[in-house]
Amino acid sequence: MAYDPDNIFAKILRGEIPATSVYEDAQTLAFMDIMPRADGHVLVIPKTPCRNLLDASPDQLAAVMATAQRVARAVMQAFDAGGVTVQQFNETAGGQEVFHLHLHVLPRHDGVALRAPGQMGDMEVIAGHAERIRAALAG
Ligand code: AMP
């Protein structure tokens, strides 16, 4: 399947639609999910195009995973989490909805289930969570 340059994350990378970023380097961007399944739900994407795990290069995968580790450590601290869930979906049958590779980084607490998907978050609350993650990354 071909990469669609008009997918929503490509538009975020081009600055055509806004995102609440928490971290960026030469190869990756990390930003808040607007439908968070847990407080502090972050998405990590490569800056270069690929649909998902199936067509990504080893370099893209390595860069995205390194940033996911950095963000995972930060959300552990920012949310006093007991653990982190990392999710990644491939093609429609695999649960993927946005066709630009992304890892979900979800801080977790014992006994607290993930929220149902598809519920829009409060952008002010999400901005506050992003601030906590940025502070943990800086510290
Ligand atoms: P999936 O492709 O199934 O991994 O899901 C795509 C994820 O992207 C979902 O968790 C959505 O809430 C999230 N999402 C969709 N549009 C945006 C956006 N503009 N900014 C941040 N997250 C988004």
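For the reader, a short list of remarks on this structure follows.
- Odd one out for ALA74 among (1) open to solvent by less than 20 Å² (accessible area, probe 1.4 Å); (2) part of a loop (DSSP other than H, G, I, E, B): (2)
- Pairing each residue of the stretch 11-31 that is free of Cβ contacts under 8 Å to residues at least 12 places away in the same chain and under 22 Å from LEU61 (Cβ atoms) with any residue that is within 13 Å of the ligand (Cβ to nearest atom) and part of a strand (DSSP E or B), provided the two are 6+ apart or on different chains, yields no C-beta distance under 6 Å.
- Residue satisfying all of: in the stretch 6-26; in a loop (DSSP other than H, G, I, E, B) and open to solvent by 70 Å² or more (accessible area, probe 1.4 Å); nearest to LEU101 (Cα to Cα) among these: ASP6
- In the stretch 83-99, the residues that are closer than 25 Å to GLY111 by Cβ and at pLDDT 95 or above form Cβ pairs under 7 Å with partners that are surrounded by 13 or more Cβ atoms within 10 Å (Cβ to Cβ) and among the basic types (Lys, Arg), at six or more places apart or across chains, as follows: GLY83/ARG108; VAL84/ARG108; THR85/ARG108.
- Which listed residue, of ASP110, ASP59, ASP80, ASP55, is in contact with a Ser or Thr (Cβ under 9 Å, 6 or more places away or on another chain), outside any strand (DSSP E or B) and charged (D, E, K, R): ASP59
Conditions tested, residue by residue: (1) small (Gly, Ala, Ser); (2) more than 14 Å from ASP39 (Cα to Cα); (3) within 16 Å of the ligand (Cβ to nearest atom).
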residue	(1), (2), (3)
SER57	yes, yes, no
VAL64	no, yes, yes
ALA72	yes, no, no
VAL98	no, yes, yes
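- Within the stretch 115-137, the residues that satisfy the criterion of being on the phi < 0 side of the Ramachandran plot, of a type in the set (Gly, Ala, Ser) and outside any helix (DSSP H, G or I) are ALA116, GLY121.
- Residue in the stretch 80-92 that is open to solvent by less than 40 Å² (accessible area, probe 1.4 Å), among the polar types (S, T, N, Q), out of contact with any Leu (no Cβ under 9 Å at 6 or more places or on another chain) and within 14 Å of the ligand (Cβ to nearest atom) present: no
- Condition met for GLY40 (open to solvent by less than 20 Å² (accessible area, probe 1.4 Å) and at positive phi): yes
- Residue check for ALA68: within 14 Å of the ligand (Cβ to nearest atom) and either open to solvent by 60 Å² or more (accessible area, probe 1.4 Å) or over 25 Å from ALA136 (Cβ atoms) (or both): no
The values are calculated or read from the model by the stated rules, or taken from the named source; none is laboratory data. Note that the structure is a prediction, hence the values are computed from the model and not measured. Glycine also receives a Cβ, built like all others from the backbone with ideal geometry; neighbour counts cover every protein chain displayed. Surface areas here come from the heavy atoms of the whole protein model, side chains and all, with no ligands, DNA or RNA. Shrake-Rupley method; radii C 1.70, N 1.55, O 1.52, S 1.80 Å.
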